[in-house]
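K.L.:
The structure follows.
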Amino acid sequence: MDISWGRVLPVVVSIAIIILVAVLREYSKTVASIAATMPINIPLALWIVAAGDDRDPAVMAQFTRAILVNIWPTIVFIVIVYLAARAGWRFVPMLAAGYVGWGVSLGLILLVKQVLHVA
């Protein structure tokens with residue numbers, strides 16, 4: 001049986017990060033938040049793209065540009081969750097509001113790209 005490490009590794013790393021955050025939060029909220037926001041998925045995605053059949057540097061540049069644009073909805077999510085937490089909201093409504101903001105901002109990015117005919 002061949003293991004496809006390109007598919008398994010992201011899952012293993014994600015589980016390790018969750019465990020790390022759970023352990024670190026007992027010692028330092030700052031260190032736990034740093035572990036939670038580490039760029040883990042981005043390097044894994046870059047690795048998958050780099051290991052693909054097309055090793056063209058332009059493909060990597062296009063992919064990283066797309067990551068840079070598409071990170072903004074995640075930032076919107078974090079800002080909304082922070083503001084909701086500061087306002088005293090409960091966990092589920094906080095996340096729901098964050099995901100609505102994420103979805104709306106992602107939709108706006110996709111709409112702008114469609115209108116401007118940007119890839």
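K.L.:
Name the helices (complete DSSP H segments) of the chain with a Cα length along the long axis of 18 Å or more and a Kyte-Doolittle mean of at least -0.5, or state none.
P.N.:
Both cut-offs are met by 5-24, 57-70, 72-86, 91-116.
K.L.:
To continue, here is another question. Taking loop as defined by DSSP and a crowding limit of 11 other beta carbons within 10 Å, which trypsin sites (Lys or Arg not before Pro) in segment 14-115 fit?
P.N.:
Filter output for segment 14-115: Arg55, Arg90.
K.L.:
Which whole-number percentage describes the relative contact order of the chain, with Cα contacts under 8 Å and a sequence gap of 6 or more?
P.N.:
Details: 57 pairs, mean separation 20.0, N = 119.
Rounded, it is 17 percent for the chain.
K.L.:
Could you compute the FRET efficiency for Ala36 and His117, with r as their C-beta to C-beta distance and R0 at 41 Å, rounded to 0.05?
P.N.:
0.65
K.L.:
If I model a spin label as a point 7 Å beyond the Cα along the Cα-Cβ vector, how far apart are those points for Ile19 and Ala61 in nm?
P.N.:
Simple spin-label model gives 4.1 nm for this pair.
K.L.:
Among Ala97, Ala51, Ala87, whose mean-square fluctuation peaks in a Gaussian network model of the chain (Cα, cutoff 10 Å)?
P.N.:
Largest GNM mean-square fluctuation: Ala87.
K.L.:
Which of the chymotrypsin sites (Phe, Trp or Tyr not before Pro) found in segment 18-119 are in a DSSP loop and have at most 13 neighbouring Cβ atoms, other than their own, within 10 Å? Could the numbers behind the result be given before it?
P.N.:
On the way: sites: Tyr27, Trp47, Phe63, Phe77, Tyr82, Trp89, Phe91, Tyr99, Trp102; in loops: Tyr27, Trp89.
Answer in residue order: Tyr27.
K.L.:
Averaged across orientations, what area in nm² does the convex hull of the alpha carbons in the chain project?
P.N.:
Mean projected area of the Cα convex hull: 10.3 nm².
K.L.:
Ratio to report: Rg/Rh of segment 71-119, with Cα atoms as the point set and Rh obtained by the Kirkwood method; give two decimals.
P.N.:
Ratio of gyration radius to Kirkwood radius: 1.13.
Computed from the coordinates by the stated procedures, all read-outs in this text should not be read as laboratory data. Keep in mind that this is a model prediction, so the values were computed, not measured. When we count neighbours, we look across all protein chains shown, and the Cβ atoms used for this are built from the backbone with ideal geometry, even at glycine.
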